[in-house]
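Asks: I am attaching a structure below and will ask some questions about it afterwards.
The values are calculated or read from the model by the stated rules, or taken from the named source; none is laboratory data. Not measured: the values here are computed from a predicted model. Heads up, the Cβs are rebuilt from the backbone with ideal geometry, glycines too, and the neighbour counts pull from every protein chain shown.
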Amino acid sequence: MIDTELIKRFTKNFTLLRKAAGWTEDDIAKKITVSRPTIANIDKGKITVPIYMAIRTQMETEIFENEKEMELLKYALDAYVDHPNNYTPAQKKEIEKKANIYSSALRNKNNNRKEVATIVFVSLAAVLGTIAAAVITTWRKNKP
């Protein structure tokens, strides 16, 4: 059974997810062998279940095969699609910010994907850790 809400969240955040993976529309189109206009339609909010399944499978495969390079994609999928209620707005905003930085840095062909991913993820981990610590501290102060 396909979770339509999950697909809606995926579609709504597709551009962000692509950026978190460091992929252009052409990159993802080639990876799942569809046309670039098909991917452009997803960026506009239109997706079919088979295309969703193909892209999601490709993303999960990339995360599995390139864990360090795709760590930002893993967090973006979790925060925006799979478990959005587990993240604060500040954490989501930070993931979005890092995805934009990652995507921009990869457009420069002189940048190495692994090096860029490491730098972006280390800064993301530091920020998420700081936010998590602040949430825990607030919770402890307000605990009955």
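Asks: So which residues in the range 70-87 are outside any helix (DSSP H, G or I), surrounded by 19 or more Cβ atoms within 10 Å (Cβ to Cβ) and out of contact with any Phe, Trp or Tyr (no Cβ under 9 Å at 6 or more places or on another chain)?
Replies: Listed by number, the list is empty, since nothing qualifies.
Asks: State whether the residues of the range 106-127 include one that is at pLDDT 65 or above, surrounded by 11 or more Cβ atoms within 10 Å (Cβ to Cβ) and either of a type in the set (A, V, I, L, M) or assigned to a loop (DSSP other than H, G, I, E, B) (or both).
Replies: Yes, the conditions are met somewhere in the range 106-127.
Asks: I'd like to check something: does the range 55-77 contain any residue that is touching a Lys or Arg at 6+ places or on another chain (Cβ under 6 Å) and either modelled with pLDDT of 90 or more or closer than 16 Å to residue 7 by Cα (or both)?
Replies: yes
Asks: Of all residues in the range 27-52, which are in a helix (DSSP H, G or I) and either aliphatic (A, V, I, L, M) or touching a residue at least 12 places away in the same chain (Cβ under 8 Å) (or both)?
Replies: 28, 29, 31, 32, 38, 39, 40, 42, 43, 49, 51, 52
Asks: Any residue at all in the range 48-57 that is surrounded by 14 or more Cβ atoms within 10 Å (Cβ to Cβ), within 19 Å of residue 98 (Cα to Cα) and of a type outside the set (Lys, Arg)?
Replies: no
Asks: Right, another one. Of all residues in the range 53-87 being touching a residue at least 24 places away in the same chain (Cβ under 8 Å) and among the hydrophobic types (A, V, I, L, M, F, W, C), which is nearest to residue 11 (Cα to Cα)?
Replies: The selected residue is 81.
Asks: How many residues are basic (Lys, Arg) and surrounded by fewer than 17 Cβ atoms within 10 Å (Cβ to Cβ) if we restrict to the range 10-35?
Replies: Going through the range 10-35 one residue at a time, the tally reaches 2.
Asks: Can you tell me how many residues in the range 1-26 are hydroxyl-bearing (Ser, Thr, Tyr) and outside any helix (DSSP H, G or I)?
Replies: The qualifying residues number 1.
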